[in-house]
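Participant: Sharing a structure here in structure tokens format.
No value in this document is a laboratory result; all are computed from the given coordinates. Every value quoted in this text rests on a predicted model; they were computed, and no experiment measured them. Counting neighbours? That spans all protein chains shown, and the Cβs are built from the backbone with ideal geometry, glycine included.
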Amino acid sequence: MRYAIQNWGVDANRVFAIGTSSGAMMTNLLAGAYPDLFKAGIVDSGVPCGCFSLPGQPQDSWNSQCSQGQLVLTGQQWAQRVYDAYPGYTGDRPKMQVWHGTAYVLPSNLFLPPPYE
């Protein structure tokens, strides 16, 4: 995105991420890891940013507890995973629109507190 903004004239105020399923997982990760680049995101049927990372392990670690409903965190705990994706960032966070059913991921694992509500 930085390259596109700097070299192709992309409007930095109109950079969005949209995805369904695995694409929604990536959209959540992009919004969490690069809040300085993405202005908004729309997710449909994906898990939260940091869902698959193991507590206390690097962001690229892996577990399936979240998607299987075995790992349930509070809104503040999910938000912390987002904040941990870009430590020290204090600017605006992307606006997010979330579309999701309840068949595969627990509703409690879908939503984050402000600024993500």
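Participant: Round to the nearest 0.05 the FRET efficiency obtained for ILE42 and GLN70 when R0 = 41 Å and r is the Cβ-Cβ distance.
Facilitator: My answer for the efficiency is 0.90.
Participant: Still on this structure: At ILE5 and ASP92, where each label point lies 7 Å from the Cα along Cα→Cβ, what is the point-to-point distance in nanometres?
Facilitator: A separation of 1.2 nm, rounded to one decimal place.
Participant: Right, next: Can you pull the percent of Cα pairs in region 1-102 with separation above 23 Å?
Facilitator: 26
Participant: How would you rank 6-16, 42-52, highest first, on the average number of other Cβ atoms within 10 Å across their residues?
Facilitator: The most tightly packed comes first, giving 42-52, 6-16.
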